[in-house]
Amino acid sequence: MDFPQELREKLDASWRSHTETLASRLFGEWRSEVERLFAQQLDEQQSAHLRVVERLNQTVRSLRRAESHADWILALLDAATESCPRAALFTALNQRLRCEGTRGFAGEPLDGLDIPLASAPAFAGCVETGDPAVALASAGELSETVAERLGGETAHLFPIECGGKVVAVLLAEAEARSGAAGLLGALASIAGSTLENRMAAAPASGLVPLFAVAPAGRKDWASLPREERQLHLKAQRFARLRASQLRVEKAMAVTDGRARRDLYAALTEDIDRAREEFRREFMDASPDMVDYLHLELVRTLANEDSGLLGPQYPGPLV
């Protein structure tokens, strides 16, 4: 049927108008739904963020209020297992790795396990670099003893620093919930901060021996005023930083010095400069200061063998 031109024009106009009206209505409904979903998601994200902040605040309060070494460990592990099914805390001191406590592990526990740090390369790397790590649950990375007691294929390691060095590692089983790595990393940082504050406020309880060497005639930690303790912590951080810089920036000289058992000869100017700076900033400022620089040179550069420093090394400043 052939419609008159005028009728066709009216039908076309009516169809366009109807289509535009329908499209406008559908677009409006779509936009309203998108805006509703976006607002809902934003509210959920804000609520989740607030829950995370509150959880971390509760953790800080629990760690600060812990009355004993054991209570502090329990508070830390309880907080960790809110983000992962299994967690363990290891101290890494004097080249030993010791499990201080666990949560969520079945079967033979890890508690009290004491092994050489060198037998667990992933832990050793975490302690050395101060960086979190993800490791295979294998004997080659976590040691045979630790690996055989883990249920998953991988594990997350988070360093805990105090006094400028990594003193412990938080292990989280790899089946961590979404976003858990960030939360566990924040938890490890919080743990280090609260531990350092506790160290500055009271004698060490055994988790972190502040003095690797107890020089004769020196006051013990308990008798030092707060300002003096803060100076000791600052000196430890300085010593660790300088020793680490030498290890990285003078890597070839360090390797050569170790091979010849004469690190001092290979790094004379650098070591003397660091010793003079340490003496001026810390030794002269406190009659009870410990030569943390010497301790770090032995630990970081000489691999706990003071003989590698060489026969001409002047020795501790005190």
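List of remarks:
- Under the criterion of Cα pairs below 8 Å and six or more residues apart, the relative contact order for the stretch 111-174 equals 29 percent.
- Candidate residues Val146, Val60: accessible-area rank, largest first, probe 1.4 Å: Val60, Val146
The values are calculated or read from the model by the stated rules, or taken from the named source; none is laboratory data. The model shown is predicted, which means the values in this text are computed figures rather than measured ones. These area figures cover heavy atoms from the full protein model, side chains too; ligands, DNA and RNA do not enter into them. Shrake-Rupley method; radii C 1.70, N 1.55, O 1.52, S 1.80 Å.
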